[in-house]
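The values are calculated or read from the model by the stated rules, or taken from the named source; none is laboratory data. Quick caveat, the model's predicted, so the values are computed rather than measured. Cβ sites come from the backbone with ideal geometry, for glycine too, and all protein chains shown count toward neighbours. These area figures cover heavy atoms from the full protein model, side chains too; ligands, DNA and RNA do not enter into them. Shrake-Rupley method; radii C 1.70, N 1.55, O 1.52, S 1.80 Å.
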Amino acid sequence: KRSLNLAGKQGGSIFVTRPENSGNGTPGPDFWSWTPPSSNDQISDEVDGLQAARQTSEYAISSNPVLEKERSVGFLSIPFESKAYETTRNLPPFQSLLEVDKTKASEVDVEEISLKEERDLEVEFSAHAAEAADALHKAKELSSQGVNQDGTRWWIETGIEQRPDGVICRWTMIRGVSADQAVEWQEKYWEASDEFDYKELGSEKSGRDVFGNVWSEKWRESMLQDSGLVHLEKTADKWGKNANGEEWQEKWWEHYDASGKSEKWADKWCSIDPNTPLEAGHAHVWHERWGEQYDGYGGSVKYTDKWAERCEGDGWSKWGDKWDEHFDTNGRGVKQGETWWQGKHGDQWNRTWGEEHNGSGWVHKYGKSSSGEHWDTHVEQETWYERFPHYGFYHCSDNSVQLREVKKPSEMSE
């Protein structure tokens, strides 16, 4: 937990200088060390009634308040989990390619899934940016605390922090506890900038309940200039865990610059209690990673890696699938992949494959498996690979409306 050094307090807005090692993470107080004031400290009945009456018009910041994630039973469903995750989490052994020519179908499936996830993610980024901008705009109009008609108590704080690199960060935070005190939650929004070209917009939502469920999601986007080039970056981190021992996490990262370079990756995993009975081919732990890089001139790198782990009493079996491709600006490159399996007693199997593309109109295909398979052929075939990202710098910039509108510290009114 980080400690805050108060440098002053005026009108409910706290100005804080952050410690040197705090980086540019989430501003403001930490949710997990927060304890709601006891109900005995609740504001007076007169104020309660006033706040409840004004709630509809004043406390309308979030279009998707965290409190909606409350569950009446001791199980937390995965609120942010993607559809692609749900359909691929049970990765069966030897999933890909009994025939090498089917590698293309596997790659196409991965492409379609990742494209859909990217589109969904951009929609979420835009929604979170709009929500953060709206929250920051309305922060000054809201009362510092209140009670909803359903008995939910809430508190609002605002603050300003100065980072070691000179960036000024303004944040607003809403905390709440349900009437039965079963659910506690927090929504935090911030914008940051310096007097040069740095801008940042972010949000964080966290929650916990008496059943042992905890969850958190963080979104951040930023822009800056370096060596005359504008850079844009977006990150997301979603995590949840329940009392049954089930846990999951999704992380996304995207970076673009005005020269056409871009890089993005995703890392997802989930786990359940290893003692949970499962059908054949299903796993207790599941992972997926994918990424892509573009140099802006026609060269690219792409990869994906999935693997799963299953507890079988006295040991774990594991299996997975992965492939990657590397191409230069002239369309020359390599595609390669592997499907593998490992038993709980150390027995294992794998199949590897590769393709060499040299621009001649012929592709060299080769591969082998630990069970004795082997092939090495040349096939007349056109080379296809993605030279430039379908979603690049200018798409990102056009969609980052609220980020571009973040003002410099000298332009902000107190």
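If you scan the stretch 199-232, which residues turn out to be more than 20 Å from the chain's Cα centre (by Cα) and open to solvent by less than 30 Å² (accessible area, probe 1.4 Å)?
Asp209
Only one of these is among the basic types (Lys, Arg) and farther than 23 Å from Ser369 by Cβ: Lys322, Lys302, Lys318. Name it.
Lys302
Could you list all residues from the stretch 140-169 that are aliphatic (A, V, I, L, M) and either open to solvent by less than 10 Å² (accessible area, probe 1.4 Å) or free of Cβ contacts under 8 Å to residues at least 60 places away in the same chain (or both)?
Ile156, Val167
Which of the residues spanning the stretch 346-367 are without any contact (Cβ under 8 Å) to a residue 24 or more places away in the chain, closer than 30 Å to Glu279 by Cα and charged (D, E, K, R)?
Selection gives Asp347 alone.
Hey, could you check the stretch 245-278 for residues that are over 30 Å from Thr329 (Cα atoms) and among the hydroxyl-bearing types (Ser, Thr, Tyr) and say which is surrounded by the most Cβ atoms within 10 Å (Cβ to Cβ)?
Ser271
Provide a single number: the residues in the stretch 379-402 that are assigned to a helix (DSSP H, G or I) and either touching a Pro at 6+ places or on another chain (Cβ under 8 Å) or open to solvent by 90 Å² or more (accessible area, probe 1.4 Å) (or both).
Total satisfying the criteria: 3.
Residue by residue through the stretch 292-345, note down the ones that are over 30 Å from Pro277 (Cβ atoms) and β-branched (Val, Ile, Thr).
Once the filter is applied, which keeps residues that are over 30 Å from Pro277 (Cβ atoms) and β-branched (Val, Ile, Thr), the stretch 292-345 yields Val301, Thr329, Val334.
For the stretch 279-302, give me each residue that is outside any loop (DSSP other than H, G, I, E, B), farther than 21 Å from Thr383 by Cβ and open to solvent by 20 Å² or more (accessible area, probe 1.4 Å).
Scanning the stretch 279-302 gives Val285, His287, Arg289.
So which strands (runs of 3 or more DSSP E) are wholly in the stretch 168-272 and hold at least 1 residues that are within 23 Å of Glu117 (Cα to Cα) and not basic (Lys, Arg)?
199-209, 214-226, 229-241, 247-257, 262-271
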